[in-house]
Amino acid sequence: WQELLVTIADVAAQFHGHQQLRQLWSERSLLHQSLELTRRFQRSTDLEQTALEIVNEGRRLVAADRLSLVVERGSQWQLLAASGVDRIEARADVTRRLQQLAQATSRWGEPLDYGGSSTERTTELAPELADRLEQHLEESQARRLIAMPITLCDDQPSTIGPSRVRAVLIAEQFT
């Protein structure tokens, strides 16, 4: 019996060792893909083309159904690119809702992570952000949404004070 237990313990240890190795290889592969995407994004000088690559390739990387990039242009927010879409219809309701959500998220200044419960929508959020989130979710029917504010670096040294959000990346899951 003792030999059997030693053998079982050895097999279990080998299994866990191989499982950890597979996990490390998977993480390494994801990091390598992220690095290659970042290098590709930096090669292009065309903002719209780079935005399309970010959302289309990034969607696969973050395992989202739709990835959208909304940028600040003057005082307005503009949906620059959405995964799977070649042309953005500026007057569409979904476009307007995404832009409004991005603007509210930029004012909030922190990542927004909505996971699916209706009570989660309104608790601990600014009232404007909660309203924009609710409106967008009713329009898009997303079950999971993450909005990440992005501060873009200027060529000039930053002044004292908080950095300003210039773009918002929004990942949505529908199933």
Practice problem: Scan 140, 68, 83 and give me the residue that is over 30 Å from residue 26 (Cα atoms) and buried (at least 16 other Cβ atoms within 10 Å of the Cβ). | Solution: 140
Practice problem: For segment 64-81, state whether one or more residues are among the β-branched types (Val, Ile, Thr), touching a residue at least 40 places away in the same chain (Cβ under 8 Å) and outside any loop (DSSP other than H, G, I, E, B). | Solution: yes
Quiz item: Can you name the number of the only condition in (1) buried (at least 20 other Cβ atoms within 10 Å of the Cβ); (2) more than 19 Å from residue 174 (Cα to Cα) that residue 55 fails?
Solution: (2)
Quiz item: How many residues are over 18 Å from residue 132 (Cα atoms) and surrounded by 13 or more Cβ atoms within 10 Å (Cβ to Cβ) if we restrict to segment 86-117?
Solution: 1
Quiz item: Using beta carbons and a limit of 8 Å, which pairs, at least six apart or on different chains, have the first residue in segment 24-50 and open to solvent by less than 90 Å² (accessible area, probe 1.4 Å) and the second one modelled with pLDDT under 80 and not in a helix (DSSP H, G or I)?
Solution: 50/44
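The values are calculated or read from the model by the stated rules, or taken from the named source; none is laboratory data. These numbers were taken from a predicted model, which means no experiment stands behind them. When we count neighbours, we look across all protein chains shown, and the Cβ atoms used for this are built from the backbone with ideal geometry, even at glycine. For the accessible areas, the whole protein counts, side chains as well, though only heavy atoms, and no ligand, DNA or RNA atoms are used. Shrake-Rupley method; radii C 1.70, N 1.55, O 1.52, S 1.80 Å.
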